[in-house]
Structures are given as C-alpha cells and as structure tokens.
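One structure is given here, and the rest of the page talks about it.
What follows is calculated from the coordinates using simple rules that are stated; it is not laboratory data. Predicted model, so just to flag it, every value in this text is computed and none were measured. Reconstructed Cβ throughout: ideal geometry from the backbone, glycine too, with neighbour counts over all protein chains shown.
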Amino acid sequence: MITSSKQYIGNTGRQIVEIFANMGFICRLFWATMKCYKSLAFRGRVILDQFFICGIQSLPVTLIVGVFTGMILALQSGLILKDYRLENYIGVVILLTMCKEAGPFMTAFILAGRVGSAMAAELGTMKVSEEIDALEVMCIDPVEYLVFPRMVALAICAPILIVYVNLLGVLGGAVVAKYQIGLEPVIYFKRILIYMSTYNLTIVFAGLFKGIVFGFIITSVSCAYGLRARNGAEGVGEAARQSVVYIFLLVLISNYFMSALIERIFGS
Amino acid sequence: MIELKDVYKTLDGRKILQGLNLHIREGETYVIIGRSGTGKSVTLKNIIGLMKPDSGEVNIMGQCINNMGKEESYALRQKMGVLFQSGALINWLNVEENVALPLVEHQRHLSKSEVQSIVQHKLELVELEHAGKRMPSELSGGMKKRAGLARAIVGNPKIILYDEPTSGLDPVMSNQINDLIISMQEKLGVTSICVTHDMSSAYRIANRIGMIYEGQIIEEGTADQIKNSQNPIVKQFISGSTVGPLTQ
Ligand SMILES: Nc1ncnc2c1ncn2[C@@H]1O[C@H](COP(=O)(O)OP(=O)(O)OP(=O)(O)O)[C@@H](O)[C@H]1O
Ligand SMILES: [Mg+2]
C-alpha cells in the first residue's frame with residue numbers, strides 16, 4: 001500500500017518533470033521552425049501537398065462535427081432562451097459561441113486526432129528507420145525539410161476549417177431551432193444578419209487567430225514527439241499517443257488565455 | 001584521414017564507448033566487427049557528427065569535429081557518404097528522387113537534365129538503372145541498400161561509411177554488395193569504414209579489421225592477422241562458438 005502510493009507519487013513527479021522537459025524541446029523546435037521562413041518559396045509544393053492532406057481530407061469529419069456541435073448548442077441554449085421568450089436570438093447565441101469558442105476548439109481537436117497523431121507517427125517512423133539521420137548526413141535540416149512545410153500548411157488550414165465548421169454549426173443550429181424549438185429559419189437568420197450588421201465583428205474573427213495558434217501547437221508538438229521517437233514501432237505508437245494528449249492539454253490551456261486576452265482587447 | 005582519440009560516450013546511463021582509439025588511413029577499407037549492441041553504430045554516428053563524444057577527440061581530414069560550427073560540419077559532411085543499416089531511403093520519394101535529393105537540395109544551380117544524368121550514372125554503378133521509378137516500399141532489402149549506396153556516392157564523397165551493408169541479404173546479394181564496396185575503393189579511391197558482423201564479408205573487403213569489445217578496439221590487423229589471432233575473445237567471435245569469454 002505505502003510502496004505503491006510512493007511509487008505513484010514518484011511516477012507522477014517524473015511525468016511532470018517530463019512535461020516541462022518536453023515543453024522546452026517543443027518551444028525550441030517551434031522557434032527553429034519559425035527561423036526557416038526564408039525557404040517558404042522553395043517548399044511551396046510540399047506545403048501545398050500537406051495542405052491537401054491536412055485540410056481537404058479533414059473536410060468530411062469536420063462536416064459532421066460542425067453540424068452536430070451547432071445542433072447541440074441550439075438544443076441546450078434554445079430550451080433556456082425559450083423559457084425567457086428569447087428564442088428568436090438562438091441564431092445569435094450559436095453564431096457567437098461557434099465563432100469564439102466551439103469552432104476553433106472542435107477544429108483543433110479534430111486536427112489533433114487526425115493530423116497530429118499521423119504527423120507524429122510519420123516523423124517517428126522516419127526517425128526509427130534512420131531516415132532523419134540520413135537527412136542530417138546529407139546536410140538537409142529535418143526542421144526545414146519536414147517540420148516547416150507542415151507547420152505553414154496547418155497554420156493556413158486551421159482558420160479555413162474553422163470558418164467552415166462555424167458555418168456548418170450555424171446551419172445545424174437552424175435545423176434544431178426549427179424542429180425542436182419551433183423557430184422559423186427566416187427569423188433565425190434575420191436575427192443573425194441584423195446582429196452582424198450592427199455590432200463590431202472583430203471579436204468574431206479573433207477566433208480565426210486562435211486557429212493559427214492551434215496550428216502551430218499541433219505541428220510543434222507532434223513533430224517534436226515524432227523526431228524524438230525511439231525503440232522501433234512501439235516508440236512510434238507511443239509518440240503518436242503522447243502527442244495527442246499533449247496537444248489536447250495545450251489547446252485547452254492556451255484557449256483559455258487567448259479567450260481572456262481577446263475579450264479584454266476587443267470586448268466591450 | 002580519420003582519427004578517434006580516447007572517445008567516451010554514455011547513453012541512457014550505459015557506458016557504450018570507453019576510450020575508443022581508431023586510426024584510419026587514406027584510401028583503406030577498415031572493417032569494424034563486434035557483437036550486437038556493442039556500439040558499432042554509435043561509433044559511426046560519432047564519426048559523422050550525429051552524436052558528440054562525451055570526451056575524447058574525433059579528427060577527420062585533419063579537422064577536429066568536436067567544436068565545429070554548423071557551417072563547417074556541413075562542409076565536412078558533404079565529403080562523406082553514409083549507407084545506413086536499412087538504406088534509409090525517404091519513403092515518399094522514388095529511387096531516382098532519393099538519389100537526386102542531395103543535388104536538388106544543395107546544388108540548385110544544376111539543371112534537371114544534369115541532375116538526371118548524374119543520377120543515372122550512379123544508378124548504373126549499383127546496377128539499379130532500371131528501378132529508378134520504383135518506390136522504396138517496392139524494393140527488396142538488397143535493392144534498398146544499393147539505392148542507399150547510390151545516394152551516398154552522389155556527391156562524390158572522399159569517405160564512405162557502411163553500417164552492416166550485407167546484413168539480411170542472401171549470400172549472392174551479399175557478395176554483390178561486397179564487390180560494390182571494393183569497386184568503390186578502386187574506382188573512386190575512397191576511404192571506407194564498414195561495420196559488420198558478417199565475417200566472410202569482412203575478410204573479403206577489409207584492408208584492416210578492428211574488433212570492438214566493451215567500448216574499445218581490442219584487436220586490430222589484416223584479415224590474416226585476425227584469423228590467426230590468439231585473443232580468446234576474437235577467437236570466439238570469428239568462430240561463432242557459444243562457449244568462451246563473450247558468453248560468460
Ligand atoms: N540514441 C540512443 N539513445 C540511447 N541509447 C542508444 C542510442 N543509440 C544506441 N543506443 C544504445 O547503445 C548500444 C549500442 O548501440 P549500437 O546501435 O551502436 O549497437 P551496434 O553495435 O550497432 O549493434 P547492431 O549490430 O545490433 O546494430 C545499444 O545498447 C543501444 O541500445
Ligand atoms: Mg548497428
């Protein structure tokens with residue numbers, strides 16, 4: 001009993017130390033990647049390839065996630081708003097929630113699961129099969145050759161996917177508003193348009209900025225874990241799994257601080 | 001040409017290299033033998049600069065690489081070619097693109113047709129001229145190694161390092177690789193270091209053989225000297241016997 005709890009504390013301690021150690025490596029990798037900006041033109045083709053892999057292939061799953069996020073938001077907020085006879089405003093609530101929080105957040109999670117883990121596995125496989133070493137021997141910087149194009153692609157891709165998720169969320173919300181709450185779509189969208197034409201929309205677009213940051217987080221973390229993979233296939237799986245957990249944590253934490261900052265700067 | 005002086009390296013708390021000394025002369029083929037996990041690949045990595053020794057010195061062509069900056073070490077690495085244990089071909093590029101990679105990345109002034117002709121020539125040297133369009137996943141182990149070799153020599157290196165070039169190959173293919181290594185030495189005049197535990201290959205290609213044991217070179221000499229060594233560790237290793245100092 002005592003030994004096992006001691007062990008537990010020891011393990012937890014080690015994991016916390018590891019998290020900070022990894023943080024250092026991830027930050028250095030991010031910085032090294034940023035310094036590769038000069039090769040933007042030269043890596044154009046790879047960036048485009050990655051853009052298709054990360055973006056276009058994520059469209060089907062984001063479609064479902066977007067629609068259902070909007071639906072559940074409409075259902076829950078609709079029931080409350082109806083009690084106060086404010087159901088006409090469901091659309092506005094959904095628009096704001098999607099653009100500020102739910103859209104960026106859900107997109108980041110999808111990308112972490114779909115793209116982040118795949119990236120960690122891909123680079124991990126390259127690491128354990130000595131391909132990364134081979135690049136270094138050929139004087140090709142793996143950061144510039146592998147990480148940089150992925151980061152650029154994802155930083156472009158994430159905001160676009162967020163817009164798409166937001167739109168789908170608003171549409172999904174309209175469906176639920178009609179069939180569960182009994183609100184006509186005409187009123188739903190009219191309220192949204194009125195809101196958009198009268199209020200300052202900076203705060204809505206600030207959500208896209210989050211997308212860029214999430215893109216950076218996802219690539220830095222998964223590439224960092226991939227580049228440090230060891231022990232063959234097992235290590236590759238481990239890298240993929242750990243990177244996803246790590247991305248979830250970072251997205252969650254950074255999202256709070258970004259929201260707080262955005263509200264502070266642009267909020268009324 | 002290549003000199004390791006008193007190199008120590010500890011990985012994950014385990015002492016891998018413990019005062020390794022090695023001197024390789026220009027133009028020779030030096031074979032490092034030793035059991036699995038004794039640090040042969042680690043030795044190679046210290047020579048290429050993928051790992052830095054904890055203490056000791058690595059000198060290549062008169063330059064000490066320990067405290068070298070990125071620019072200098074890149075310049076030096078361009079004079080070296082490495083054939084990795086599994087070929088280490090980039091998996092989404094076909095054979096031609098893999099071989100062309102160092103040229104495309106570093107010699108951007110070369111035209112497409114110039115790159116193409118260099119690549120074709122190197123592929124002919126390793127007898128892969130017909131497999132240029134294949135992907136690495138469609139190649140046999142021996143073809144991967146030959147493609148890896150073509151890529152290693154595309155920059156006309158002065159030094160080639162081979163990490164177990166014949167492991168996992170059938171005897172005929174092994175001998176083809178052996179012949180290739182010999183012809184690299186003869187045709188291109190390169191200095192080679194080869195890590196292997198395939199003794200027949202070692203005898204065939206080596207000018208000198210060194211055996212690594214407990215982080216040091218414990219015996220060094222020509223193929224004949226190694227064959228007739230009186231050192232019980234070397235004797236057991238080359239005979240493959242299960243009783244002896246290696247298994248105690
Ligand atoms: N990057 C690393 N980090 C930690 N330990 C390592 C690393 N690389 C190698 N090792 C360890 O160092 C030891 C020597 O490894 P090395 O790859 O040099 O063996 P080897 O002699 O080449 O064996 P083989 O013939 O099986 O290739 C092994 O026990 C290995 O686990
Ligand atoms: Mg090895």
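A few remarks follow.
- Using a Gaussian network model of chain B in which every pair of alpha carbons under 10 angstrom is joined by a spring, one finds that among B:Tyr162, B:Tyr30, B:Tyr74 the greatest mean-square fluctuation is at B:Tyr74.
- Centre-to-centre, using Cα atoms only, the range A:212-268 and the range A:1-73 are separated by 3 Å.
- Extreme residue, positive dipole direction of the protein assembly as shown, given options A:Val244, A:Val61, B:Ile33 (C-beta unit charges): A:Val61
- Euclidean distance between Cα centres, the range B:112-127 to the range A:87-158, Å: 37 Å
- Judged by the mean number of other Cβ atoms found within 10 Å, the most tightly packed of the peptides B:232-238, A:184-190 leads the ranking B:232-238, A:184-190.
- Listed by chain and number, the lysines whose C-alpha is less than 25 Å from the C-alpha of A:Lys82, apart from same-chain residues fewer than 8 away, are A:Lys100, A:Lys178, A:Lys190.
- Highest mobility in the GNM of chain A, judged by mean-square fluctuation with C-alpha springs under 10 Å and restricted to A:Gln50, A:Gln76, A:Gln15, is found for A:Gln15.
- Folded to 0 to 90 degrees: helix B:95-106 orientation relative to chain B principal axis, Cα: 90 degrees
- Signed unit charges on C-beta, dipole axis of the protein assembly as shown, positive-most listed residue B:Ala202, B:Leu22, A:Ala153: A:Ala153
- Euclidean distance of C-alpha centroids, the range B:88-103 and the range B:167-242, integer Å: 29 Å
- Each peptide in B:131-140, A:243-252 receives the mean, over its residues, of other Cβ atoms within 10 Å, and ordering these scores from highest gives A:243-252, B:131-140.
- For the protein assembly as shown, a crude dipole built from +1 on the beta carbon of Lys and Arg and -1 on the beta carbon of Asp and Glu, taken about the Cα centre, is about 1260 debye to the nearest 20.
- Based on the Stokes-Einstein relation at 20 °C and a viscosity of 1.002 mPa s, and on the Kirkwood radius from alpha carbon pairs, the range A:198-241 is assigned a translational diffusion coefficient of 170 µm²/s.
- Per the Cα gyration tensor, the range B:89-156 maps to an equivalent ellipsoid with semi-axes of 19, 12, 10 Å, ordered largest to smallest.
- DSSP assigns beta bridges within the protein assembly as shown; of those with both partners inside it, close to 55 percent run antiparallel.
- Over the Cα atoms of the range A:58-262, the radius of gyration divided by the Kirkwood radius equals 1.11; this is the Rg/Rh ratio.
- For the peptides B:206-213, B:91-98, residues were scored by their other Cβ atoms within 10 Å and the scores averaged per peptide; the highest-first order is B:206-213, B:91-98.
- Equivalent ellipsoid of the protein assembly as shown: semi-axes from √(5λ) of the C-alpha gyration tensor, largest first, are 57, 26, 19 Å.
- Rounded to 0.05, the FRET efficiency of the B:His121 and A:Ile80 pair, given R0 = 60 Å and the Cβ-Cβ distance, is 0.20.
- Partner shielding of B:97-103 amounts to 2, given as the average count of beta-carbon atoms from other chains within 10 Å of each residue beta-carbon.
- Gaussian network model of chain B, Cα within-10 Å springs - most flexible of B:Lys52, B:Lys187, B:Lys145: B:Lys187
- Averaged over peptide B:152-161, the number of partner chain Cβ atoms lying within 10 Å of each residue's Cβ comes to 1.
- Rg to Rh quotient for the range B:30-187, alpha carbon positions, Kirkwood Rh: 0.97
- Averaged over the residues of A:135-145, the number of partner chain Cβ atoms lying within 10 Å of the residue Cβ comes to 6.
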